[in-house]
1. Give me the log10 of I(q) over I(0) for the range A:2-89 at q = 0.11, 0.17 Å⁻¹, as the Debye formula computes it from C-alpha points; what are the numbers?
2. Ranked highest first by average number of other Cβ atoms within 10 Å, how do B:294-303, B:143-152, B:19-28 line up?
3. Take B:ALA163 and B:VAL278, extend 7 Å from each Cα along the Cα→Cβ direction, and tell me the distance between the two endpoints in nm.
4. Nearest 10 degrees is fine. How inclined is helix A:30-39 to the longest principal axis of chain A, computing both from alpha carbons?
5. Work out the charge dipole of chain B with +1 on the Cβ of Lys and Arg and -1 on the Cβ of Asp and Glu about the Cα centre, then indicate which of B:SER260, B:GLY136, B:THR185 is farthest towards its positive end.
6. Which value in Å does the Kirkwood hydrodynamic radius of the protein assembly as shown take, with 1/r averaged over all unlike C-alpha pairs and then inverted?
7. Extent of chain B along each principal axis, from alpha carbon coordinates, in Å, largest to smallest?
8. Add -39500 (n - 2.57) for each DSSP H run of 4 or more in the protein assembly as shown, then divide by its residues: what number comes out at 222 nm, to the nearest 500 deg cm²/dmol?
Amino acid sequence: MPDVLALVSIALAIVFYAAGSIGLLRLPDLLSRLHALTKADNLGLGLLATGVALLAGDLVIGIKVLLVWVLVLAASASSSHLIARYSMQAGNRGHGE
Amino acid sequence: MSELLWVLFDLVLAGLTVGLAWVAVATRELRRGVLLFVGLGLLLAVIWARLRAPDLALAEAAIGAGIAGALLIAALRDEIGVSAEPEDGYTASRRLVDLGAIGLLLALSWGLLDAFLLSDGVRLAEGVAERLGESGVINPVTAVLLNFRAYDTLLELAVVFAAVLGVLSVGPARPALEAGSLVLTGLVRWLVPILVVVAGYLLWVGAHAPGGAFQAGAMLAAVAVLLRLGGVAHAGLPGTAATRWLLVLGIGVFVIVGLSVMFADRAFLQYPGDIAGVLILVIEIAATLSIATALALAYLGGRPVGWEADCDSPQHRVNRGAADRGGDA
C-alpha cells in the first residue's frame, strides 16, 4: 500500500514539474513565469519528497527529506520574491510588461 | 528492464553534460556562460552520485557548483560595462588554449583507456579495504585523504593557501552590497545557524560516511557568502589577526601532527593506529576552518577592510579609502 501511494505521489509530482517547466518556457512575462515555477518547487517537490519518504519507509529518512523540502520552500519563495522585486524596480509592472 | 532504463538515464546524463559544457564555453554572453557552468556543476554532482562516489558528489555540488558559481558571479559583477564580445578572428593565445585543451583531452582519454582496458586491472581499492582497520576511520575516502595519502591532502591545502595569498595581493576587497530586502536578510538570519550545524555534521560524519573537511569548509564558506549578500561587510570573518591565524591553521596543525609522530620513530604523517582517529579529527577541524576562511576571502576578492594598516604607502591609503567607503555604503 505505501508503494502505491508513493507511486501516485511521484507521478503527480512529475505532472507539476512538467506543468512548471512548460509554464516557464511558454508564459509571456516574468511574473507569470515565476508563478509557474513556484508550483514545481512547492507542490512538485513536496509530492516528490512524500513519495521518496514513503519508499524509504524509515521515519528518520522521512524527517530528513521533509527538512530538505522546507529548506527549498524557504529558498525558492525568497529568491522568487527577490527576482520579482528586482524586476518591479527595473520598471516591470506585471501584465503585458 | 530496469537495467535498460539505467543505461538510458546514463546516456541522457552524458549527452546533457557534453552539450551543457559546449554551450557554456561557446556562448558569447558571459552571464549566460556562468549560469550554464553552475548547471554543469550540478550535473557533474549527479554523475558522481551515479558512479557511487557520494563524497565527490557532495564536494562537486558544494565547491564546483556552489562556491565556484558564487565566485564567478561576483567576478561578473566586476566586469559589468566591459564588453564580453570576443574579437573577430582567432587570436594566437586563443589558439594556444584550444591546443592545450585538445592535448589534455587526448592525454586523459589515453589514461582512461589504459586504466580500464589495456592494463591488468590492479586497483588500489582492495589494498585500502584490507588495511582500513589501521586508518582510524571507517569511511575509505577519508582514510585515503587523511591517512594513506595524507601528504597529497597537505599539499592541496598548501595550494589553496597559495591561491588565497594571490587573491590577497590583488588589492582591497570588493565593496559590500547594501543590506537588501527584509526577505533576504530574514532568510540569511534563518539559514546561517542551520548551515553552521550542517557544516559541523559533515565534518563529524566524515569519519564513517560521506563528508569531511572540504565539504564542511565549503558549507562554512557558503555561510560567509550568504552573510555578505545579506549586507554584512566582513562576511562573518573575525578580526585581521584571527583571520590570518585561521588561514594557516590547517597547514600548521597538519605539519605539526605529521612531525610529532616522527618523535615516536615513525615516518612523516604515519599516525600510530590507536590514536589515528583522533589525530585525523583534529587535522580535519583545522583544515575545515582554513578552507572556509580561504574560500570566504576569495569571495571577498581581496584584502578585507583594515588589512592594509601595516603597509601604508600612498597608493594603499587611496585604496583603503575606497574600500572603507564601499563598506559603509
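What follows draws every value from the coordinates through simple rules; no lab data is involved. What you see is a predicted model, and the numbers here were worked out from it, not measured in a lab. Cβ sites come from the backbone with ideal geometry, for glycine too, and all protein chains shown count toward neighbours.
1. Taking Cα atoms of the range A:2-89 as identical point scatterers yields -0.35, -0.72.
2. Details: B:294-303: 23.3, B:143-152: 19.9, B:19-28: 13.6.
Descending packing order for the listed peptides: B:294-303, B:143-152, B:19-28.
3. Going from the B:ALA163 label point to the B:VAL278 one covers 3.4 nm.
4. 10
5. About the Cα centre, the residue reaching furthest to the positive side is B:THR185.
6. About 24.8 Å for the protein assembly as shown.
7. Principal extents (Cα only, largest first): 61, 56, 43 Å.
8. Working: 17 runs with 298 residues, N = 426.
After summing the helix terms and dividing by the residues of the protein assembly as shown, the value is -23500 deg cm²/dmol.
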